[in-house]
Amino acid sequence: MDDSVHTRWPIIEVTAPDGGRSLWVAAVHPDKAVAAVKALVPWNYVARLTIHRFAPSRKSDELRAGQVRRLRL
């Protein structure tokens with residue numbers, strides 16, 4: 001059985017202390033997305049939920065439930 005999440009996932013914007021920004025996607029409920037990303041970045045980075053959602057367009061874009069990934073643009 002495929003346990004990949006087939007939905008639109010929340011996108012989280014992360015800002016580093018130097019002002020650098022990155023986008024992350026989390027295959028979790030939007031209420032838990034920021035916490036999931038903050039667990040992976042340094043404590044002094046700021047993470048905020050955006051209004052945007054990520055929809056996988058190919059098999060390589062898919063995440064399994066609970067996974068978090070930095071988006072490479």
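The values are calculated or read from the model by the stated rules, or taken from the named source; none is laboratory data. Since this is a predicted model, take the numbers as computed values, not measurements. Because the Cβ atoms are built from the backbone with ideal geometry, glycine has one as well, and the counts that use them run over all protein chains shown.
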Item to complete: Find all pairs meeting these conditions: Cβ atoms under 7 angstrom apart; at least six residues apart or on different chains; first residue within the range 33-53 and small (G, A, S); second residue part of a helix (DSSP H, G or I) and at pLDDT 95 or above.
Response: A47/V34; A47/V37; A47/K38
Worksheet item: Mind checking which residues of the range 42-63 are farther than 19 Å from D31 by Cβ and touching a strand residue (DSSP E or B) at 6+ places or on another chain (Cβ under 7 Å)?
Response: Y45, E62
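I'm checking my understanding of the structure. Among residues of the range 37-68 that are basic (K, R) and modelled with pLDDT of 95 or more, which one is farthest from W9 (Cα to Cα)?
Residue satisfying both the conditions and the ranking: K38.
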